[in-house]
Structure formats: C-alpha cells, structure tokens
Amino acid sequence: MLSRKFFNESSKRAPCPTCGIKRGRHSVKSRRLLSVNCQVFVTFSRHYCEYCNAWFDTIPHWLAAPGKRYTRQAVDLALDLVRRFGITEASLKTEYYLGYSVPTSTLHDWTNEERFKHESANNG
C-alpha cells in the first residue's frame, strides 16, 4: 500500500500570474497525484481575474505539471529507468521503484517529450 502525503495550497487571495493583481478565491479543489512510493493529495484554490478574463489555480508547478497525474519526481525517476533499461524493461521496473506501474504508453510519451526538449535546446 502506498503511503499518503497531504499539501494544502489553498489561499483566500492569490496574485494573477498574468497581471499580478491579487484576486479572491472562487472555489477549493483537490487532486490526487502519484509520486515515488506515495500518493500526494493537494488541496488548492481556484481564482478568476476579471482584468485578464482568465482562471488560475494555486497548485504549485514544482510539484506537478498542470493537468498531469504524476509528480515531477516520479516522471524524472521513470525517465531515468527508461534511459538505463529501455522502454519495455522500465515499464516492469517502475512498479518496484515507484510502488505502482506506469503504463508503457505513458513512459513512451515522456521519453518523446524529453527528446523533443533536448533537440529544441540544441537547435536553439
């Protein structure tokens, strides 16, 4: 069984990432993320900026990319396994290292994203 960690990133007022003006909380939400040998439950607030006409959340981007199911720590470890053992073996080994299995298609997507970032950095 995976251990559980809880983060509360909810705030009554938060600055808009576009204009920087503090805006009031509209609602409170939560997300479950998978990390290395644990589940992470994050409570965050959702805000609306009338000036920018945009919604934004207070979920920390260092923890997980927006809309993703896995933490950055889990993605980095899985990519390291792919580099060491190859895509097919890594899908089996993620269950041992992460505490749960990551689908092979997800590992494949992560490696393609990493290759694209690496190629863009070298061409830029």
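Only the coordinates and a few stated rules stand behind these numbers; no lab work does. If you're wondering where the values come from, they're calculated on a predicted model, not measured in any experiment. Please note: Cβ atoms are built from the backbone with ideal geometry, for glycine as well, and neighbour counts cover all protein chains shown.
What the table shows:
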| read-out | value |
| --- | --- |
| From S3, S35, residue being touching a Cys at 6+ places or on another chain (Cβ under 8 Å), among the small types (G, A, S) and closer than 18 Å to S101 by Cβ | S3 |
| Qualifying residue in region 12-22 (condition: within 14 Å of the chain's Cα centre (by Cα) and on the phi < 0 side of the Ramachandran plot) | no |
